[in-house]
Amino acid sequence: MKKHRNSNRHFKKKRRQTAEKKQPAAEGRRNFLRLARNGAIALAVVGGLGFLFVQNVRSSINEHDLSRIGNGTPTIVQIHDPQCSQCRSLQRETRDALSGFNDNDVDYVVANIRTNEGSRFAMKYSVPHVTLLLFDKNGQLRTTLRGQRQSDELRTAFRQFLRK
């Protein structure tokens, strides 16, 4: 009987060793596939974030381009200080109000007073930050809106301005 047990142990040990030999190869393939899948996901995420970053930078550059005033499209210019909470609030309300208009109807431009160009622009029109300047399609200043406003009030003001 003892001999039988020993032979049975030997058989189990041999089977365990065979399984252990096969496992690293299969596990290696699984690890490689898992790594490849995770790498592809990471690449897609990084690529997507890169695309969004580039779009955001392009949009920001376009939004701060004061040369767009008088380009044949009525333009709304916000005199803006990025460190001012009222300015950021006015910017949100303005963007919300403009969401109901077509892009071809009106341009929205931000004059950042923390830049030389934005500061000169604000001084040229003698206006402080938290101000919206509404220019006609020829670049002539038609309306000045000073202070914080709600989006519905701005939407009404923009519609009246565009009718003129």
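The values are calculated or read from the model by the stated rules, or taken from the named source; none is laboratory data. These numbers come from a predicted model, not from an experiment. Note that we place each Cβ from the backbone using ideal geometry, even for glycine, and neighbour counts take in every protein chain shown. The accessibility values were calculated without ligands, DNA or RNA, using every heavy atom of the protein model including side chains. Shrake-Rupley method; radii C 1.70, N 1.55, O 1.52, S 1.80 Å.
Before moving on, here are some points about what is shown:
- Whichever residue in region 80-129 is of a type in the set (Phe, Trp, Tyr) and surrounded by 19 or more Cβ atoms within 10 Å (Cβ to Cβ) and, among such residues, is farthest from ALA157 (Cα to Cα): PHE121
- Check on ASN71, part of a loop (DSSP other than H, G, I, E, B), open to solvent by 60 Å² or more (accessible area, probe 1.4 Å), of a type outside the set (A, V, I, L, M, F, W, C) and at pLDDT below 90: yes
- Scan of region 94-124 for residues that are closer than 14 Å to ILE76 by Cα, of a type outside the set (D, E, K, R) and in a loop (DSSP other than H, G, I, E, B), ordered by number: SER99, PHE101, ASN102, ASN104, VAL106
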